[in-house]
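Structure record follows, encoded as C-alpha coordinates.
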Amino acid sequence: ICTIMQEAGAANAGFSVEAFGWQAARKRLRPAPEVHEELGAAFRREEELDEEVLEEAPAPSRLKRQLEDTEAKCKRLTSEGAFLAQASRYAEALQHWEQALLFAEKDFDRGAILEQMAQVLLILDREFDAVRAAELSVESRPLWYAAHLTLGRALLSFGEVQRAVGEMRRASELVSQEAPVDQDEAETVRLELLDAERLWEETSERARGTTSREVIVNGRVVQSRFWETAPKVTYDEFGRPTTHLPEEPAPRTA
(Lines give C-alpha, C1' and ligand atoms only; values in the text may rest on other atoms or scores of the structure.)
Protein backbone atom coordinates (compact mmCIF):
# COMPACT_ATOMS: atom_id res chain seq x y z
CA ILE A 1 0.00 0.00 0.00
CA CYS A 2 2.83 2.37 0.85
CA THR A 3 4.42 1.61 -2.46
CA ILE A 4 1.19 2.45 -4.33
CA MET A 5 0.80 5.79 -2.46
CA GLN A 6 4.38 6.77 -3.22
CA GLU A 7 3.84 6.02 -6.92
CA ALA A 8 0.63 8.10 -6.93
CA GLY A 9 2.37 10.98 -5.18
CA ALA A 10 5.20 10.88 -7.69
CA ALA A 11 2.68 10.89 -10.57
CA ASN A 12 0.76 13.90 -9.17
CA ALA A 13 3.92 15.86 -8.58
CA GLY A 14 4.10 16.70 -12.26
CA PHE A 15 0.60 18.36 -12.39
CA SER A 16 -0.07 22.10 -11.62
CA VAL A 17 -3.24 23.53 -10.04
CA GLU A 18 -2.69 27.00 -11.50
CA ALA A 19 -5.13 26.21 -14.33
CA PHE A 20 -7.99 25.96 -11.81
CA GLY A 21 -7.21 29.31 -10.23
CA TRP A 22 -6.45 28.04 -6.79
CA GLN A 23 -3.39 30.21 -6.48
CA ALA A 24 -3.54 34.02 -6.76
CA ALA A 25 -1.20 35.55 -9.28
CA ARG A 26 1.64 37.36 -7.70
CA LYS A 27 1.80 41.14 -8.27
CA ARG A 28 4.68 42.67 -10.07
CA LEU A 29 7.04 44.41 -7.72
CA ARG A 30 7.65 48.04 -8.75
CA PRO A 31 10.93 49.81 -8.19
CA ALA A 32 11.25 52.05 -5.16
CA PRO A 33 11.67 55.40 -7.06
CA GLU A 34 8.30 54.94 -8.75
CA VAL A 35 6.54 54.31 -5.44
CA HIS A 36 8.14 57.34 -3.80
CA GLU A 37 7.01 59.58 -6.67
CA GLU A 38 3.39 58.55 -6.27
CA LEU A 39 3.47 59.02 -2.51
CA GLY A 40 4.98 62.46 -2.95
CA ALA A 41 2.17 63.53 -5.25
CA ALA A 42 -0.45 62.24 -2.84
CA PHE A 43 0.99 63.94 0.23
CA ARG A 44 1.77 67.44 -0.96
CA ARG A 45 2.07 70.25 1.44
CA GLU A 46 -1.14 72.08 2.32
CA GLU A 47 0.03 75.42 0.92
CA GLU A 48 0.51 73.81 -2.51
CA LEU A 49 -3.08 72.52 -2.53
CA ASP A 50 -4.71 75.90 -1.75
CA GLU A 51 -4.46 76.97 -5.38
CA GLU A 52 -6.21 73.86 -6.69
CA VAL A 53 -8.98 73.30 -4.14
CA LEU A 54 -11.99 75.67 -4.32
CA GLU A 55 -13.92 76.02 -1.10
CA GLU A 56 -17.68 75.49 -1.51
CA ALA A 57 -20.38 77.19 0.51
CA PRO A 58 -21.75 75.01 3.27
CA ALA A 59 -24.93 73.18 2.34
CA PRO A 60 -28.05 74.76 3.87
CA SER A 61 -29.81 72.82 6.51
CA ARG A 62 -33.02 71.00 5.71
CA LEU A 63 -35.08 73.36 7.84
CA LYS A 64 -33.61 76.41 6.13
CA ARG A 65 -34.55 75.04 2.72
CA GLN A 66 -38.15 74.60 3.86
CA LEU A 67 -38.48 78.19 5.08
CA GLU A 68 -39.66 80.90 2.68
CA ASP A 69 -39.79 84.63 3.18
CA THR A 70 -43.37 85.91 3.62
CA GLU A 71 -42.97 88.56 0.94
CA ALA A 72 -41.55 86.05 -1.53
CA LYS A 73 -44.34 83.60 -0.75
CA CYS A 74 -46.97 86.30 -1.27
CA LYS A 75 -45.51 87.19 -4.66
CA ARG A 76 -45.26 83.55 -5.68
CA LEU A 77 -48.87 82.76 -4.77
CA THR A 78 -50.07 85.94 -6.48
CA SER A 79 -48.28 85.16 -9.73
CA GLU A 80 -49.46 81.55 -9.64
CA GLY A 81 -53.03 82.75 -9.15
CA ALA A 82 -52.74 85.08 -12.15
CA PHE A 83 -51.38 82.22 -14.26
CA LEU A 84 -54.29 79.98 -13.24
CA ALA A 85 -56.81 82.72 -13.99
CA GLN A 86 -55.37 83.16 -17.48
CA ALA A 87 -55.85 79.43 -17.96
CA SER A 88 -59.54 79.78 -16.92
CA ARG A 89 -58.94 77.79 -13.72
CA TYR A 90 -60.74 80.37 -11.63
CA ALA A 91 -61.48 78.32 -8.52
CA GLU A 92 -57.79 77.43 -8.10
CA ALA A 93 -56.81 81.03 -8.77
CA LEU A 94 -59.08 82.24 -5.97
CA GLN A 95 -57.57 79.68 -3.61
CA HIS A 96 -54.05 80.90 -4.36
CA TRP A 97 -55.04 84.54 -3.87
CA GLU A 98 -56.77 83.79 -0.59
CA GLN A 99 -53.56 82.16 0.63
CA ALA A 100 -51.54 85.11 -0.65
CA LEU A 101 -53.67 87.49 1.43
CA LEU A 102 -52.51 85.68 4.55
CA PHE A 103 -48.92 86.69 3.78
CA ALA A 104 -49.61 90.16 2.35
CA GLU A 105 -48.23 92.60 4.91
CA LYS A 106 -48.56 95.76 2.79
CA ASP A 107 -51.78 97.47 1.72
CA PHE A 108 -50.28 97.87 -1.73
CA ASP A 109 -50.11 94.08 -2.19
CA ARG A 110 -53.50 93.46 -0.59
CA GLY A 111 -55.20 95.95 -2.87
CA ALA A 112 -53.77 94.34 -6.00
CA ILE A 113 -54.76 90.82 -4.91
CA LEU A 114 -58.31 91.85 -3.98
CA GLU A 115 -58.78 93.66 -7.29
CA GLN A 116 -57.83 90.52 -9.21
CA MET A 117 -60.18 88.45 -7.08
CA ALA A 118 -63.02 90.86 -7.86
CA GLN A 119 -62.43 90.46 -11.60
CA VAL A 120 -62.57 86.67 -11.37
CA LEU A 121 -65.68 86.78 -9.18
CA LEU A 122 -67.40 88.86 -11.86
CA ILE A 123 -66.52 86.22 -14.43
CA LEU A 124 -68.11 83.60 -12.15
CA ASP A 125 -71.29 85.74 -11.85
CA ARG A 126 -70.75 86.24 -8.12
CA GLU A 127 -71.58 89.94 -8.18
CA PHE A 128 -72.07 90.44 -4.46
CA ASP A 129 -68.73 88.83 -3.61
CA ALA A 130 -67.10 90.86 -6.37
CA VAL A 131 -68.47 94.09 -4.89
CA ARG A 132 -67.13 93.19 -1.46
CA ALA A 133 -63.68 92.29 -2.77
CA ALA A 134 -63.51 95.49 -4.82
CA GLU A 135 -64.56 97.59 -1.81
CA LEU A 136 -61.73 96.08 0.24
CA SER A 137 -59.35 96.81 -2.62
CA VAL A 138 -60.41 100.46 -2.61
CA GLU A 139 -59.92 100.59 1.16
CA SER A 140 -56.38 99.25 0.77
CA ARG A 141 -55.45 101.50 -2.18
CA PRO A 142 -57.84 104.48 -2.31
CA LEU A 143 -55.76 106.31 -4.93
CA TRP A 144 -55.56 103.45 -7.42
CA TYR A 145 -57.84 103.97 -10.40
CA ALA A 146 -58.06 100.23 -11.22
CA ALA A 147 -59.63 99.47 -7.84
CA HIS A 148 -62.33 102.12 -8.38
CA LEU A 149 -62.92 100.96 -11.94
CA THR A 150 -63.38 97.33 -10.88
CA LEU A 151 -65.69 98.41 -8.07
CA GLY A 152 -67.74 100.41 -10.58
CA ARG A 153 -68.03 97.38 -12.86
CA ALA A 154 -69.08 95.16 -9.95
CA LEU A 155 -71.70 97.66 -8.78
CA LEU A 156 -73.04 97.99 -12.31
CA SER A 157 -73.44 94.21 -12.56
CA PHE A 158 -75.03 94.13 -9.12
CA GLY A 159 -77.62 96.72 -10.14
CA GLU A 160 -76.41 99.74 -8.14
CA VAL A 161 -76.07 102.02 -11.14
CA GLN A 162 -75.78 105.32 -9.27
CA ARG A 163 -72.89 104.14 -7.10
CA ALA A 164 -71.23 102.59 -10.13
CA VAL A 165 -71.25 105.96 -11.90
CA GLY A 166 -69.61 107.60 -8.88
CA GLU A 167 -66.83 105.02 -8.72
CA MET A 168 -66.14 105.24 -12.44
CA ARG A 169 -65.95 109.02 -12.24
CA ARG A 170 -63.39 108.65 -9.49
CA ALA A 171 -61.45 106.17 -11.62
CA SER A 172 -61.48 108.62 -14.51
CA GLU A 173 -60.03 111.33 -12.29
CA LEU A 174 -57.28 109.11 -10.91
CA VAL A 175 -56.21 107.61 -14.24
CA SER A 176 -55.54 111.10 -15.57
CA GLN A 177 -53.18 111.69 -12.63
CA GLU A 178 -51.02 108.67 -13.40
CA ALA A 179 -47.43 109.38 -14.41
CA PRO A 180 -47.07 108.64 -17.23
CA VAL A 181 -50.68 108.62 -18.38
CA ASP A 182 -51.73 105.47 -20.22
CA GLN A 183 -53.84 106.89 -23.01
CA ASP A 184 -55.42 103.57 -23.96
CA GLU A 185 -56.43 102.87 -20.37
CA ALA A 186 -57.74 106.40 -19.92
CA GLU A 187 -59.87 106.01 -23.06
CA THR A 188 -61.24 102.69 -21.78
CA VAL A 189 -62.24 104.27 -18.47
CA ARG A 190 -63.86 107.21 -20.30
CA LEU A 191 -65.97 104.96 -22.54
CA GLU A 192 -67.12 102.80 -19.64
CA LEU A 193 -68.05 105.92 -17.69
CA LEU A 194 -70.14 107.20 -20.62
CA ASP A 195 -71.98 103.87 -20.84
CA ALA A 196 -72.69 103.89 -17.11
CA GLU A 197 -73.91 107.50 -17.17
CA ARG A 198 -76.16 106.73 -20.14
CA LEU A 199 -77.66 103.76 -18.34
CA TRP A 200 -78.25 105.86 -15.23
CA GLU A 201 -79.97 108.58 -17.26
CA GLU A 202 -82.22 106.06 -18.95
CA THR A 203 -83.13 104.47 -15.64
CA SER A 204 -83.86 107.82 -13.99
CA GLU A 205 -85.93 109.02 -16.94
CA ARG A 206 -87.91 105.83 -16.94
CA ALA A 207 -88.60 106.15 -13.23
CA ARG A 208 -89.77 109.77 -13.62
CA GLY A 209 -91.90 109.23 -16.69
CA THR A 210 -93.98 106.25 -15.61
CA THR A 211 -96.33 105.41 -12.78
CA SER A 212 -95.60 101.70 -12.89
CA ARG A 213 -93.83 99.94 -10.06
CA GLU A 214 -91.14 98.42 -12.21
CA VAL A 215 -87.51 98.40 -11.10
CA ILE A 216 -84.30 97.42 -12.90
CA VAL A 217 -82.09 94.88 -11.15
CA ASN A 218 -78.95 93.58 -12.85
CA GLY A 219 -80.21 94.75 -16.22
CA ARG A 220 -83.60 93.03 -15.85
CA VAL A 221 -86.99 94.66 -15.35
CA VAL A 222 -88.74 93.40 -12.22
CA GLN A 223 -92.36 94.31 -11.51
CA SER A 224 -93.50 94.18 -7.90
CA ARG A 225 -97.08 93.16 -7.06
CA PHE A 226 -96.80 94.58 -3.56
CA TRP A 227 -98.36 97.88 -4.56
CA GLU A 228 -101.51 96.21 -5.85
CA THR A 229 -102.33 94.59 -2.51
CA ALA A 230 -100.80 96.97 0.04
CA PRO A 231 -103.20 99.12 2.08
CA LYS A 232 -103.31 102.82 1.27
CA VAL A 233 -101.33 105.04 3.63
CA THR A 234 -101.72 108.82 3.99
CA TYR A 235 -99.78 111.31 6.11
CA ASP A 236 -101.00 114.34 7.98
CA GLU A 237 -99.19 117.65 8.29
CA PHE A 238 -97.02 116.30 11.09
CA GLY A 239 -95.93 113.26 9.08
CA ARG A 240 -98.06 110.80 11.03
CA PRO A 241 -99.22 107.90 8.84
CA THR A 242 -102.76 106.64 8.58
CA THR A 243 -103.43 103.23 7.09
CA HIS A 244 -106.68 102.86 5.16
CA LEU A 245 -107.86 99.29 5.17
CA PRO A 246 -109.93 98.18 2.20
CA GLU A 247 -113.67 98.46 2.77
CA GLU A 248 -115.54 95.24 3.06
CA PRO A 249 -118.16 94.76 0.39
CA ALA A 250 -121.74 95.33 1.51
CA PRO A 251 -123.72 92.19 2.16
CA ARG A 252 -126.13 91.20 -0.53
CA THR A 253 -129.82 91.45 0.18
CA ALA A 254 -132.16 88.70 -0.79
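The values are calculated or read from the model by the stated rules, or taken from the named source; none is laboratory data. Quick caveat: nothing in here was measured; it's all calculated off a predicted structure. Here the Cβ is made from the backbone with ideal geometry for all residues, glycine too, and neighbour counts use every protein chain on show. In case anyone asks, the SASA skips ligands and DNA or RNA and just uses the protein heavy atoms, side chains included. Shrake-Rupley method; radii C 1.70, N 1.55, O 1.52, S 1.80 Å.
Across region 161-190, the number of residues qualifying as part of a helix (DSSP H, G or I) and farther than 12 Å from residue 149 by Cα comes to 5. Starting from region 227-254, take each residue that is at pLDDT below 75 and list its partners that are of a type in the set (Lys, Arg) and open to solvent by 100 Å² or more (accessible area, probe 1.4 Å), counting only C-beta distances under 6 angstrom and pairs at least six apart or across chains. Cβ pairs passing all conditions: 227/213. Considering the conditions (1) touching an Asp or Glu at 6+ places or on another chain (Cβ under 7 Å); (2) farther than 23 Å from residue 79 by Cβ, residue 121 is excluded by exactly one of them, (2).
Of all residues in region 136-162, those satisfying the criterion of being surrounded by fewer than 17 Cβ atoms within 10 Å (Cβ to Cβ) and either among the aliphatic types (A, V, I, L, M) or in contact with a helix residue (DSSP H, G or I) (Cβ under 7 Å, 6 or more places away or on another chain) (or both) are 143, 162.
Each residue in region 124-159 was checked for being free of Cβ contacts under 8 Å to residues at least 40 places away in the same chain and either under 15 Å from residue 195 (Cβ atoms) or among the hydrophobic types (A, V, I, L, M, F, W, C) (or both), and 16 of them qualify. Residue check: residue 102 meets all listed conditions (1) modelled with pLDDT of 95 or more; (2) surrounded by fewer than 22 Cβ atoms within 10 Å (Cβ to Cβ); (3) among the hydrophobic types (A, V, I, L, M, F, W, C) but one, namely (1).
Would you pick out the residues in region 105-128 that are open to solvent by 60 Å² or more (accessible area, probe 1.4 Å) and either touching a Phe, Trp or Tyr at 6+ places or on another chain (Cβ under 7 Å) or not hydrophobic (A, V, I, L, M, F, W, C) (or both)? Before you say what the answer is, go through the steps one by one.
So the first thing to find is which residues in region 105-128 are open to solvent by 60 Å² or more (accessible area, probe 1.4 Å), and the list is 105-108, 110, 119, 123-126, 128.
105, 106, 107, 110, 119, 123, 124, 125, 126, 128, listed by residue number.
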